[in-house]
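Right, one structure below, let's go through it.
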Ligand code: SF4
């Protein structure tokens, strides 16, 4: 592929923090992998060392974007970070994703990726201003939270720059840590990788552009087409209350705009009213979903406006002004911006009730603290673990008497959000306590603490409490010890299979953007049957045995997810196979990504051709998982679910109405069918040589063969 | 009629269908629009693509207009039926459609919203009517764990599964 395409910047920037060397290499050698996750996985594969830890200096961390990033096509503002992650067993490779404006800025500075290797002698940050790249001292900001650090980096580089940094959790090598950009955008799982390199942050300022091959009119026509079929966040295509412009509504929809909701903290409060799907100049009001986190009353008091990523009309980030953050908690700022989990995790941990003041304060104060310390929660996993263990009163058996007496349990019992002020400090500063601080360490490293505390049902001191049997903990993949993220509770085996193959929670919304779209079941089932085969989508809590339609659906979701993380566009909205337009019979268009790619790069591809490029990265990921785990049987070593998935609702059977219970034999059969759909060995789930070679990954087959891991 | 289109659209934005005399009265037109050939005028109007969103429905001998940019057919039909006093059959039809076609219950809270827009007395009266009407014996009413009322038709859903659907929160496990 010659490098005269639009979209890509053309260079990958390398920084070696041990030697202070800085160099570039052409992106061209990575073009078959598109960008984003694809570049990340390829670079990591090329630098693989057996048994390496994420915190080893020679582990590479890659921040990467794709051909669409910064192009201005809708929702093209995201960036992927790929590296070995200390938050997984064995520090396996994972990728995280961050929105905002940092990704596009890399493009404008002339880079498709930044790869960092080595370890600096003292704290540093990387300063990128177009071709001028330097390693700067970060001594002045080491020890500070992400809010102050990002502010300082922005001050040094100027307001046009985009920056990100780790907080104290990453500095202190807490496995459950990440980095933050201003505006509440975060990527989790690699904060400690940065901390281990003494890399506090990165600042980027670019004065270049993203070359686009298509004409302005062609790009405009594509925008118009997308704006005619796009929904709200998670592609919810109906409003959350009955409204005259919509045939259907769904109370769970993230299309919240209506008469009762306002941006009450705006300088001039904004009354939203209803926002019909065809009001294109008011799409930015459509989402306004703060009530999911703080309730309607506090939305109307605290929501200042909605924010979001580059080129996104949906705006899912709630920018809130919460005076209590300063007056009650004595935080430096009364502003907090985030979305979804960023606000929700605190209430997973506390015994709060939705709609109350404590709930709203827990959401916002918790978000502030986690963001500032740079704490990652593994899709809420650590918070569920805490609450379940606290409710079962287990900590008194696991903490030393000194430590137990040091924890302000009464604040939790009394539902005071101040408990989080104490707890998150324990997580971010694990070594700053006169006692072992096992509680903070567990919240920062649950993967290790499952073994240390024997939480697998083998510790008589806690009555053989078994984390894998507890549905409330949400630990889904038993081998990877990661949380569910739209798994068996959603779309039955489809969600299950999606949650099986990654090394962390999958962050895949391809299925959610269909099945939670808000349309009635019969319409969604029809759309899924047309696209994937009969029976692809089950009714709520009423599951049928595995079938080929479900396998096709799950595979399609994973491919689209990786496609989005490679191009990069937002998987919290795309793909758009449903739309709010009744005239279109609520159908969307799954070829949008191919249309975007063709117009921006000038490389005309079909949807199928583009999907094959994304699948190449999935295949590489799977081969990589086998390699890193040194496993010749991923069914046995990787794709294992927690017991609760099968044992929940003991009075019901799989397939009964009203349960999300799965069946052990059915899931084993589903895995076999899933493996076959990918071209993997149907027993071991490892890609065959024929499959790897079909995707141009013969080198991966050779490596697996050399280790005795290739099937057959 | 073209002069009235922007007002029809404005009313539609607020969920209201209107007759031409109603629009004329609201905007203070001195002359009432001719009602003799309203159908002919309407057909003439929508021949122009810029007015293709304007829809007409006849109800109780009156011609009502709305813009499909702001109002969908199902809403318009319910709005007109409720205006004709057919609240109960409108709700019953909606419940049966939900249960038998869409695998869904109907939240009682829809009655707070247009086109029903009932207060608590109106809602209670409607529930009593439903319970007393032998034609509606398939319509059941129950409450969620949070105490929110919901309706379903036993022609499409059994009580157990209706309860599952009514208590389902798509964000319960993952957000
Ligand atoms: S929907 Fe949210 S996460 Fe996605 S691009 Fe828009 S603002 Fe960013």
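Laboratory data are not the source of any read-out in this text; all were calculated from the coordinates shown. Please read all numbers here as calculations on a predicted model, not as lab measurements. Quick reminder, even Gly has a Cβ in these numbers, built from the backbone with ideal geometry, and neighbours come from all protein chains shown.
Beta-bridge orientation, the protein assembly as shown: approximately 85 percent antiparallel, per DSSP, counting only bridges with both partners inside.
Return the average number of partner chain Cβ atoms within 10 angstrom of each residue Cβ along peptide A:235-243. Walk me through the intermediate numbers first.
Working: counts 0, 1, 0, 0, 0, 0, 5, 12, 7.
Per residue, the number of nearby Cβ atoms from other chains is 3 on average.
Secondary-structure-derived ellipticity at 222 nm for chain A, considering helices only, amounts to -10500 deg cm²/dmol, per-run term -39500 (n - 2.57) for DSSP H runs with n ≥ 4. Counting neighbouring Cβ atoms within 10 Å and putting the fewest first, the residues A:310, A:225, A:474 line up as A:225, A:310, A:474. Counting other Cβ atoms within 10 Å as a rough exposure proxy, the listed residues A:676, A:593, A:607 run A:676, A:607, A:593 from fewest neighbours to most. Enter the angle in degrees (range 0 to 90, nearest 10) between the Cα long axis of helix B:120-132 and the first principal axis of the Cα atoms of chain B, meaning the one along which they spread out most. Approximately 70 degrees, to the nearest 10.
Which of A:470, B:36, A:171, B:148 has the fewest other C-beta atoms within 10 Å, and how do the rest follow up to the most?
Details: A:470 20, B:36 8, A:171 28, B:148 14.
Ascending number of Cβ neighbours within 10 Å: B:36, B:148, A:470, A:171.
Tell me, how many Å apart are the Cα centres for region A:669-712 and for region A:352-423? Taking the Cα centre of region A:352-423 as reference, the centre of region A:669-712 is 43 Å away.
Restricting the calculation to Cα atoms, region A:216-373 shows an Rg/Rh of 1.00 when the hydrodynamic-style radius is the Kirkwood one. When only Cα pairs below 8 angstrom with a gap of at least 6 residues are kept, chain A shows a relative contact order of 14 percent.
Is region B:1-129 rounded, prolate or oblate when judged by the Cα gyration tensor, a ≥ b ≥ c being the square roots of its eigenvalues, rounded requiring a/c under 1.5 and prolate requiring a/b larger than b/c? Cα axes put region B:1-129 in the prolate bin. Cα centroids of region A:153-197 and region B:31-89: 58 Å apart.
Between residue A:705 and residue A:24, what length comes free when the chain is fully extended (0.36 nm per residue of separation minus the Cα-Cα distance, one decimal in nm)?
242.0 nm
For the pair region A:244-321 and region A:491-549, the centres of their Cα atoms are 27 angstrom apart.
Using r as the Cβ-Cβ distance of residue A:584 and residue A:432, and R0 as 51 Å, what FRET efficiency do you calculate, to the nearest 0.05?
Numbers: r = 58 Å, r/R0 = 1.14.
For R0 = 51 Å, the calculated efficiency reads 0.30.
Figure legend: label point modelled 7 angstrom from the Cα of residue A:132 along Cα→Cβ; residues of region A:204-218 with amide N under 19 Å from it are A:204-209.
Shielding by partners for peptide B:103-109, expressed as the average number of C-beta atoms from other protein chains within 10 Å of each residue's C-beta, is 3. A crude spin-label estimate for the pair residue B:43 and residue A:414, with each label 7 Å from Cα along the Cβ direction, gives 7.7 nm. Within 10 Å of the Cβ of each residue in B:161-169, the mean number of Cβ atoms contributed by other protein chains is 4. Using 12 Å as the cut-off for backbone N distance, which residues of region A:623-649 belong to the label zone defined by a point 7 Å from the Cα of residue A:48 along Cα→Cβ? Only A:623-632 pass the distance filter.
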